[in-house]
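None of the figures in this text is laboratory data; all of them are computed from the coordinates on show. Everything numeric here is computed off the predicted structure, so don't read it as measured data. Note that we place each Cβ from the backbone using ideal geometry, even for glycine, and neighbour counts take in every protein chain shown.
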Ligand code: ATP
């Protein structure tokens, strides 16, 4: 089975590409969804986070109070590292658990910060980058999420540059001026190539 790391900047079209790969028959491991589920009430990260940061970082329903936690890590880089030291091994274990359960020929890990994190490259066989110009990223996220251009720009500034991401890629889909049908065709071409390799 081939393990593909799928990444790209905000609004590049990662989720769209992931959905197209799933339609073709790939299994998807969504690392953002896993991270969120770990911090819901009763999630595996809740007890160690409360032990380290106190019950004041939990909401009334027992989930992580994300706004409160963001404030703490914003002010204190060591708190950020401690939070990551709790979350990263749990996310990694949950990803592997989902991966073990999959029997599709292609396993896609959707990892928005793959290039930034440095821990993911060794876990996948190929890195697929979805790329788009910053203007297009901004326009898509403003339309999809109702954000201001400044909000999108602030996130883009925190993420890896397009150049750094492309340098880490085994394959790039340039999702710019493509209709959804044309994007689907590009994804199908890659699927055929990697699917054949994955079943060898
Ligand atoms: P995020 O990092 O914010 O989760 P993403 O990289 O997963 O974003 P998507 O959610 O896949 O990006 O795409 C952003 C928006 O742009 C969506 O509304 C999607 O439908 C739209 N979109 C993506 N690619 C195209 C395209 N080629 N043509 C038209 N719309 C597109």
**Asked** Of the residues 17, 130, 187, which exhibits the maximal mean-square fluctuation in a Gaussian network model of the chain defined by a 10 Å Cα contact cut-off?
**Response** 187
**Request:** Obtain the radius of gyration and the Kirkwood radius of the chain from its C-alpha atoms and give Rg over Rh.
**Result:** 0.99
**Item:** Choice from 131, 103, 30 showing the highest fluctuation, given a GNM over the chain with Cα pairs closer than 10 Å
**Value:** 103
**Complete:** Heads up, the stretch 109-153 by the C-alpha gyration tensor (a ≥ b ≥ c square roots of eigenvalues; a/c under 1.5 rounded, else a/b over b/c prolate, else oblate) looks prolate
**Asked** In whole Å, how far is the Cα centre of the stretch 1-31 from that of the stretch 127-200?
**Response** 10 Å
**Prompt:** For the chain, what proportion of DSSP beta bridges, expressed in % and rounded to the nearest 5, is antiparallel?
**Reply:** 5 percent
**Prompt:** Spin-label point model (7 Å from Cα, Cβ direction): what's the residue 142 to residue 35 distance in nm?
**Reply:** 2.6 nm
**Message:** Please compute the contact order of the stretch 68-197 in relative form: average sequence separation of alpha-carbon pairs under 8 Å and at least six residues apart, divided by the residue count, as a percent.
**Reply:** 25 percent
**Prompt:** GNM, the chain, Cα, under 10 Å: largest mean-square fluctuation among 107, 28, 40?
**Reply:** 40
**Request:** Decide, for the stretch 86-140, between rounded, prolate and oblate: order the square roots of the alpha carbon gyration tensor eigenvalues as a ≥ b ≥ c, take rounded if a/c falls under 1.5, and otherwise choose prolate if a/b is larger than b/c, else oblate.
**Result:** prolate
**Prompt:** Across 10 Å bins from 0, what is the distribution of all Cα-Cα pair distances for the stretch 86-200, in whole percents?
**Reply:** 11, 35, 37, 16, 1
**Asked** Roughly what angle does helix 149-158 make with the longest principal axis of the chain, taking Cα atoms, 0 to 90 degrees, to the nearest 10?
**Response** 90 degrees
**Message:** How much length would be gained if the chain were fully extended between residue 44 and residue 73, taking 0.36 nm per residue of separation minus their Cα-Cα distance, in nm to one decimal?
**Reply:** 8.5 nm
**Complete:** Looks like the stretch 158-200, by Cα gyration tensor root eigenvalues a ≥ b ≥ c and the a/c under 1.5 rounded cutoff (else prolate when a/b is bigger than b/c, oblate otherwise), is oblate
**Prompt:** Efficiency by 1/(1 + (r/R0)^6): what FRET value for residue 63 and residue 192, r their Cβ-Cβ distance, R0 = 45 Å, to the nearest 0.05?
**Reply:** 0.60
**Asked** Okay, helix-only estimate at 222 nm for the chain: each DSSP H run of n ≥ 4 adds -39500 (n - 2.57), divide by all residues, round to 500 deg cm²/dmol; what do you get?
**Response** -17500 deg cm²/dmol
